[in-house]
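Enquirer: Quick one: this structure, given as structure tokens, is what I'll be asking you about.
The values are calculated or read from the model by the stated rules, or taken from the named source; none is laboratory data. Since the structure is predicted, the reported quantities are computational estimates derived from the model, not experimental observations. Glycine also receives a Cβ, built like all others from the backbone with ideal geometry; neighbour counts cover every protein chain displayed. With ligands, DNA and RNA removed, areas are computed over all heavy atoms of the protein, side chains included. Shrake-Rupley method; radii C 1.70, N 1.55, O 1.52, S 1.80 Å.
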Amino acid sequence: QVQLVESGGGLVQPGGSLRLSCAASTSIFSGYPMAWYRQAPGKQRELVATITSGGSTNYADSVKGRFTISRDNAKNTVSLQMNSLKPEDTAVYYCAVRSVNIVTTREGLYDYWGQGTQVTVSS
């Protein structure tokens, strides 16, 4: 079974940057779509970005132009570079992988999830 471990979260001031990383336990990761989701306190989990097995990306409107998702299949990792962070970006960030090679925005279709990493943007 695939295990995903996120890292790189922390406390930053508005306008700052963080780079999140998600490491997979198996190289099968390389053939399937990945996504980053986030969940703020008291709110529903929302999609941040997706990336296909071939590297095609899509972003939520709220992060477009500020965040960049990428993957390194040789290292079994997917990253989320977050720039120009805002207080509303504060959330627990999760990476996920789907076991079908069709990218989706529906979180219920992602089969494996990491434990999450906290990102706090505070002034």
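Enquirer: Restricting to the stretch 1-19, name every residue that is closer than 30 Å to SER99 by Cα and of a type outside the set (D, E, K, R). I'd like the intermediate steps shown before the answer.
Expert: Within the stretch 1-19, the subset closer than 30 Å to SER99 by Cα is 1-10, 18-19.
Selection gives GLN1, VAL2, GLN3, LEU4, VAL5, SER7, GLY8, GLY9, GLY10, LEU18.
Enquirer: Then there's this: Taking only the stretch 47-61 into account, find how many residues are open to solvent by 60 Å² or more (accessible area, probe 1.4 Å) and either touching a residue at least 24 places away in the same chain (Cβ under 8 Å) or of a type in the set (S, T, N, Q) (or both).
Expert: 2
Enquirer: Take the residues in the stretch 2-18 that are exposed (fewer than 14 other Cβ atoms within 10 Å of the Cβ) and of a type outside the set (Gly, Ala, Ser), then tell me which one is farthest from VAL121 (Cα to Cα).
Expert: So the residue we want is GLN3.
Enquirer: Confirm whether ASN101 is open to solvent by 40 Å² or more (accessible area, probe 1.4 Å), within 18 Å of GLN1 (Cα to Cα) and in contact with a Pro (Cβ under 9 Å, 6 or more places away or on another chain). Steps first, please.
Expert: On the way: open to solvent by 40 Å² or more (accessible area, probe 1.4 Å): yes; within 18 Å of GLN1 (Cα to Cα): yes; in contact with a Pro (Cβ under 9 Å, 6 or more places away or on another chain): yes.
Against the criterion (open to solvent by 40 Å² or more (accessible area, probe 1.4 Å), within 18 Å of GLN1 (Cα to Cα) and in contact with a Pro (Cβ under 9 Å, 6 or more places away or on another chain)), ASN101 qualifies.
Enquirer: Restricted to the stretch 73-85, and to residues that are farther than 22 Å from THR120 by Cα and assigned to a loop (DSSP other than H, G, I, E, B), which residue is most open to solvent (accessible area, probe 1.4 Å)?
Expert: At the first step, the residues of the stretch 73-85 found to be farther than 22 Å from THR120 by Cα are 73-77.
Keeping just the survivors that are assigned to a loop (DSSP other than H, G, I, E, B) gives 73-76.
Details: ASN73: 56, ALA74: 97, LYS75: 145, ASN76: 28 Å².
Taking the candidates together, the pick is LYS75.
Enquirer: Restricting to the stretch 19-43, and then to whatever is at pLDDT 95 or above and surrounded by fewer than 21 Cβ atoms within 10 Å (Cβ to Cβ), can you tell me which residue is farthest from SER62 (Cα to Cα)?
Expert: Applying the filter and picking the extreme gives SER21.
Enquirer: Could you grab me the full set of residues in the stretch 63-72 that are of a type outside the set (A, V, I, L, M) and either surrounded by 15 or more Cβ atoms within 10 Å (Cβ to Cβ) or not in a loop (DSSP other than H, G, I, E, B) (or both)?
Expert: If we filter the stretch 63-72 for residues that are of a type outside the set (A, V, I, L, M), which is where we start, we get 64-68, 70-72.
Listed by number, the residues that qualify are ARG66, PHE67, THR68, SER70, ARG71, ASP72.
Enquirer: If GLU88 satisfies every condition in (1) under 15 Å from GLN115 (Cα atoms); (2) exposed (fewer than 14 other Cβ atoms within 10 Å of the Cβ) but one, which is the exception?
Expert: (1)
Enquirer: Which one is most open to solvent (accessible area, probe 1.4 Å) among residues in the stretch 106-118 that are over 20 Å from GLN81 (Cβ atoms) and under 13 Å from the mean Cα position of the chain (by Cα)?
Expert: Going residue by residue through the stretch 106-118, those that are over 20 Å from GLN81 (Cβ atoms) are 106-113, 115.
This time we only want the ones that are under 13 Å from the mean Cα position of the chain (by Cα), so: 107, 110, 112-113, 115.
Values: GLU107: 65, TYR110: 10, TYR112: 60, TRP113: 73, GLN115: 107 Å².
Ranking the candidates gives GLN115 first.
Enquirer: Go through the stretch 1-58 and report how many residues are aliphatic (A, V, I, L, M), within 13 Å of TYR110 (Cβ to Cβ) and outside any strand (DSSP E or B).
Expert: The number of residues fulfilling the criteria is 1.
Enquirer: Also: For the stretch 45-79, give me each residue that is in contact with a Leu (Cβ under 6 Å, 6 or more places away or on another chain) and under 14 Å from VAL97 (Cβ atoms).
Expert: Of everything in the stretch 45-79, just one residue is in contact with a Leu (Cβ under 6 Å, 6 or more places away or on another chain) and under 14 Å from VAL97 (Cβ atoms), namely ILE69.
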